[in-house]
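Asker: Encoded as structure tokens, here's the structure I'll be asking about.
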Amino acid sequence: MLTYAFNPDIIYITESNNDGDVEFFIRFVVEAPHLEKFKEVQHYFEDNEVYTDALFYAYENHEYRVIVRSDYYVEFVLQLMKHRLVEQVQWKE
Amino acid sequence: MESQAIAAIAIFLVIYALIISEKIHRTIIAMVGGIIMVAVGIVDQEAALHHIDFNTLGLLIGMMIIVSVTAETGLFKYIAVWAAKKAKGSPVNILIVLMLITAIGSAFLDNVTTILLMVPVTFSITRQLKVSPLPYIMTQIIASNVGGTATLIGDPPNIMIGSAVSELTFMAFINNLAPIAAIVLIVYIPLFILIFRKQLKTTPELRSSIMRMDERELITDRKLMYKSLTALGLTIIGFFLHQALHLESATVALAGAFLLLVLTGEHTMEEAFRKVEWTTIFFFVGLFVLVAGLVETDVIAKLAAQAIEWTGGNVTAASMLILWMSAIASAFLDNIPFVATMIPMIQEMGNMGIDNLEPLWWSLALGACLGGNGTLIGASANLIAAGMAGKEGHPISFVKFMKVAFPLMLLSIVLSSAYIYLRYLI
Amino acid sequence: MSHQALLAIAIFLFAYGFIISEKIHRTILAMIGGLLMVACGIVDQETAIHHIDFNTLGLLIGMMIIVSITADTGLFRYVAIKAAKRAQGSPVRIMISLAVITAIASAFLDNVTTVLLIVPVTFSITRQLGVSPFPFLISQIVASNVGGTATLIGDPPNIMIGSAVKELTFMAFITNLAPIVVIVMASYIPLFVFMFRKQLQTSEERKRSIMELNVNGLITDSRLLVKCLSVLAVTIIGFFLHQAFHFESATVALAGAFILLLISGEHQMEHAISKVEWTTIFFFIGLFVLVSGLVETGVIADLAARAIDLTGGDPVAASMLIMWMSAIASAFVDNIPFVATMIPMIQEMGSMGVANLEPLWWSLALGACLGGNGTLIGASANLITAGLAAKEGHPIRFLQYLKYGLPLMLVSVALSSIYVYLRYLA
């Protein structure tokens, strides 16, 4: 499976299961420029052809919940990596 | 019947059959048919151009440009989430508010556009509530067709009728069609709740997660939104006043569109032009030329005479015939070619002595627009929504849709018949 | 002069001034100008639509669809590489053959399309030869404008003239303009060689590397290519015969386009229709409406009367005036709005008693098309090529181009003056 590591000084990410999909809870410790980068991730998933690949829900204080369909999990993590929201990704057995 | 007329009928029927068979894209078929009408000399290019209703095309293009720019701003998502919060996260209430938003949106925008804007946000809300999106999507499909009936710009049949008959202004459409559209929607609400109530259960935690959402985050470009709203507002005011200003509706829509492009600059222009559905525009062009062949060879006039004979020139009989025929036809076929053919026929009936054409026009509009709710293939909005739902793993089958929608469509036509009879014919 | 006429002139000059300043995209300005004409009541929408030359628009759209599908087949790359091998890899001969190919292609396709197709191949060939692409690009820009002059469909001014004047058929354009175009091209070839000879040196080794290129595999879709070439051939034959068949040119082009879509399948359609340059189409629409304001208020008739006064009604003076004025104007401003304004003016001169309009039409066509070579901003093909070159790191500066373009343009207009005088006026 794909694992990732983030820098808790700038972002906080937790995962949980939601009916077989993966639900991310994302909170920003340092907003600039990471929040803008995160919006690029959101734009990427909202602009493609699939509507339910990753659904973004914004809450107060720039806290986000993202429900990611299990077949888009890797894509989502790689997008976070691309925009340097996570620092490391690695395949583990 | 002279040979030109027979040739015109033959071309028309072959093309129509090919459009129905859906083997080849309808736009290509309609354009080829139109070109054949010109090529075999039934109409010359000049006459064909004269029959193309450029007011309809200009109005469609103008509105498509305004909407495609506005959609970029995230405004529609904002409204949907805001409404879901106002509905306290209750699935039944959300179903009703989203349906009403769809109906109002469709009254002023193209139905397909409204559906394209509403369905993604519906997926997002229903996923969070862990309820099936299907009741939401089906009610939105139905609402988009009902809402589109209410105004001149809501649905292509109305645009075409409004363009062809200059006495029927924007205000006239609202005065005459909005009341019945509102009645139909109000009658539908309890029926929707009754039909779908079992699928609309959620937990208090999931409801509260809706309530904590921050809808302001959804606006992606605030400056662009103000510009779009200004242009959209001015355009709609323009529609209300178009007769007083002696402007036709295409002028109003295109003025709104290019005003918006002046405000937003040229980089939005390329994108906006790209988003105009040119295939639909050319479909219209082809159809207008096809029908021109029938008009110029007097086929339409003969059909009109026939219709008058059947109904004995009685306006009530003619209205009901048009209303029900349009509804049944539109439930199974594309309503655009049907209306394109009916318009010159009703005009001919006017020339032949029926002096009160108004009930006939409203019957055509109501039948053609509401009839689209009958089956999944009755309107483009239905097909688009079903396609989107199917791709995300929630297929809507032909039968599943028809079981709910066909009776609702018949009910709306019964209500319309009563409305037309009571308002115009006694 | 009436109030209306003054207002029309003000709107026209205002729009024209902004178009020249290039602060806002010309399409937006032309459309806003046109809509203002309608909104101020100078023309009503009906009249405005009547003045829009849909034959020009249909012809442009039809050709753009055919070309955008053909371009996908790799045909152009194949022809260019083949020609380079034929030229034995000699830079001078390759430059000449590419210029000639550009001229011939421009005669039947839009100039911008032609340079968009030829420039990428040029870069790949010059890179391999190790020579500067500059001489190649300049000669291709010039050749595209000259070649486009030869036929009715080669350049927008010709399309507009051919649409406005029914007597000037496709054949008439070829028989009257192709000879002078061939003369101009023939006289340009030694000039090109003379001007650029120093920049066109390469080694035997590099020549050999061109000769070793494999042309097989450059055609990406040979079945589609066969379809495209058949349709293109049928369309061009259709143009040659359009008068005999009593078709207008737009019917021919659109028939070709939709037959191609019919046989190549609908997946091509969305792509092909979105590749149509809708900004250009709407620029035309706006301009036609702008000019209609001047026509309807009698401003154009006034101008025509003045031009007749100025030339004393002498056809030689009028022809020369039109040719040189068009050439100078087109070198610095967009030739499309200029020609759109000149066409109704020449028509007015006809109704005021200038009996033989033909030399005036050819003077306008030659001046407007060839004049575009004068500066880097004289024609869209020039700007597009300069843009492509700059992106690849070979910027073409305004003055650098002017050194070559302006003398070449003056030579061609001088040759054209002699030609028009000897053929029509002596």
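Read-outs throughout are calculated quantities, based only on the coordinates presented, and are distinct from any laboratory measurement. None of the values given here were measured: they were computed from a predicted structure. No Cβ is skipped: glycine too gets one built from the backbone with ideal geometry, and neighbour counts run over all protein chains shown.
Asker: C:Ile328 to B:Glu271: FRET efficiency via 1/(1 + (r/R0)^6), r the Cβ-Cβ distance, R0 30 Å, to the nearest 0.05?
Answerer: Between C:Ile328 and B:Glu271 the formula returns 0.25.
Asker: When the Kirkwood radius is taken over all Cα pairs of the range B:291-426, what Stokes-Einstein diffusion coefficient follows at 37 °C and 0.692 mPa s, in µm²/s?
Answerer: 208 µm²/s
Asker: Which of the listed residues, A:Met81, A:Val66, A:Gly20, is farthest toward the dipole's positive end in the range A:2-86, when Lys, Arg count +1 and Asp, Glu count -1 at the beta-carbon?
Answerer: Towards the positive end, the residue furthest out is A:Met81.
Asker: Another question about this same structure. If you average over every viewing direction, what projected area does the convex hull of the Cα atoms of chain B give, in nm²?
Answerer: That works out to 20.8 nm², a quarter of the Cα hull's surface.
Asker: Next up: Quick check: pseudo-label points 7 Å beyond the Cα along Cα→Cβ at A:Phe25 and B:Lys130, how many nm apart are they?
Answerer: Taking the simple label geometry, A:Phe25 and B:Lys130 are separated by 1.5 nm.
Asker: Pulled fully out, how much extra length does the chain show between C:Gln201 and C:Ala10, if you take 0.36 nm times their separation in residues and subtract their Cα-Cα distance?
Answerer: The C:Gln201-C:Ala10 span can extend by a further 63.3 nm.
Asker: What number, in percent, do you get for the relative contact order of the range B:277-426 if the mean sequence gap of Cα pairs under 8 Å and at least 6 apart is divided by its residue count?
Answerer: 25 percent
Asker: Further question: So, by mean Cβ neighbours within 10 angstrom, what's the order for B:271-278, C:30-37 with the highest one leading?
Answerer: C:30-37, B:271-278
Asker: Could you work out how much longer the chain between B:Lys86 and B:Ile219 gets when fully extended? Use 0.36 nm per residue separation minus the Cα distance between them, nm to one decimal.
Answerer: Result: 46.1 nm gained on full extension.
Asker: At 7 Å along the Cα-to-beta-carbon direction for both B:Ile9 and B:Ile328, put a label point, then send me their distance in nm to one decimal.
Answerer: The two pseudo-label positions are separated by 2.1 nm.
Asker: How big is D, in µm² s⁻¹, for the range A:2-86 by Stokes-Einstein at 37 °C and 0.692 mPa s if Rh is the Kirkwood radius over C-alpha pairs?
Answerer: In µm²/s, the coefficient is 255.
Asker: Could you state the number of Å between the C-alpha centres of the range C:74-117 and the range B:109-164?
Answerer: For the range B:109-164 versus the range C:74-117, the Cα centre distance is 51 Å.
Asker: In whole Hz, what ³J(HN,Hα) sequence does the range B:106-120 give by Karplus (6.51, -1.76, 1.60; θ = phi - 60°), x for Gly and Pro?
Answerer: Karplus values, whole Hz, x for Gly and Pro: 5, 5, 10, 10, 4, 4, 4, 4, 4, 4, 4, 7, 7, 4, x.
Asker: Can you give the mean number of other chain Cβ atoms that lie within 10 Å of the Cβ atoms in peptide A:49-59?
Answerer: Partner Cβ neighbours, averaged per residue: 6.
Asker: Right, something else. Sorting check: for C:273-286, B:365-378, which peptide has the highest mean count of neighbouring beta carbons within 10 Å, and how do the rest follow?
Answerer: The most tightly packed comes first, giving B:365-378, C:273-286.
Asker: Moving to a separate point now. Charges on Cβ only, +1 for Lys and Arg, -1 for Asp and Glu, centred on the Cα centroid of chain B; of B:Leu134, B:Phe108, B:Leu152, which one is farthest towards the dipole's positive end?
Answerer: Going by the Cα projections, it comes out as B:Leu134.
Asker: Relative to a virtual label point 7 Å from the Cα of B:Asn351 in the Cα→beta-carbon direction, which members of the range B:148-188 show backbone nitrogen distances below 17 Å?
Answerer: Taking a point 7 Å out along Cα→Cβ of B:Asn351, the residues of the range B:148-188 whose backbone N falls under 17 Å are B:164-166.
Asker: Set the Förster distance to 35 Å, then compute FRET efficiency between C:Glu22 and C:Ile189 from the Cβ-Cβ distance, nearest 0.05.
Answerer: Given R0 = 35 Å and the Cβ-Cβ separation, E is 0.55.
Asker: Could I ask something else about it? In terms of the Cα gyration tensor, with a ≥ b ≥ c the square roots of its eigenvalues, is the protein assembly as shown rounded because a/c is under 1.5, prolate because a/b exceeds b/c, or oblate?
Answerer: Cα axes put the protein assembly as shown in the oblate bin.
Asker: Still on this model: Return the FRET efficiency for the residue pair C:Ala233, A:Glu40: r is the Cβ-Cβ distance, R0 is 56 Å, and the value is rounded to the nearest 0.05.
Answerer: About 0.70, to the nearest 0.05.
Asker: A follow-up question, please. What is the percent of Cα-Cα separations in chain C that go past 34 Å?
Answerer: Within chain C, distances greater than 34 Å cover 32 percent of Cα pairs.
Asker: Separate question: Given Cα pairs under 8 Å that are at least 6 residues apart, what percent is the relative contact order of chain C?
Answerer: Relative contact order here is 24 percent.
Asker: Calculate the mean, over all residues of peptide A:64-73, of how many other protein chain Cβ atoms lie within 10 angstrom of the residue's Cβ.
Answerer: 1
Asker: Further question on the same structure: About its Cα centre, how strong a charge dipole does the range A:2-86 have in debye, to the nearest 20, once Lys and Arg get +1 and Asp and Glu get -1 at the Cβ?
Answerer: Around 300 debye, computed over the range A:2-86.
Asker: Which of rounded, prolate, oblate describes the range B:33-176, given a ≥ b ≥ c as roots of the alpha-carbon gyration tensor eigenvalues and a/c under 1.5 marking rounded, otherwise prolate only if a/b is larger than b/c?
Answerer: prolate
Asker: Ranked from highest to lowest mean number of other Cβ atoms within 10 Å per residue, what is the order of the peptides C:385-391, C:23-29?
Answerer: C:23-29, C:385-391
Asker: What shape does the range B:158-277 take by its C-alpha gyration tensor, where a ≥ b ≥ c are the square roots of the eigenvalues and a/c under 1.5 counts as rounded, a/b above b/c as prolate, and the rest as oblate?
Answerer: Since a/c reaches 1.5 but b/c is at least a/b, the shape of the range B:158-277 is classed as oblate.
Asker: Rounded to whole Hz and in sequence order, give me ³J(HN,Hα) for the range C:208-213 from the Karplus expression 6.51 cos²θ - 1.76 cosθ + 1.60, θ = phi - 60°, writing x for Gly and Pro.
Answerer: Those phi angles translate into 5, 5, 5, 5, 7, 4 Hz.
Asker: Where the only charges are on Cβ atoms (+1 Lys, Arg; -1 Asp, Glu), what is the dipole of the protein assembly as shown about its Cα centre, to the nearest 20 debye?
Answerer: The calculation lands at about 2160 debye.
Asker: Also, I was wondering about something else. Mind giving me the nanometre distance, one decimal, between the label points for C:Ile263 and B:Gln243, set 7 Å out from Cα along Cα→Cβ?
Answerer: 5.2 nm
Asker: Here's a follow-up. Identify the GluC sites (Glu not before Pro) of the range C:185-233 meeting these criteria: DSSP loop state and at most 14 other C-beta atoms within 10 Å of the C-beta.
Answerer: Here the sparse-neighbourhood loop sites are C:Glu212.
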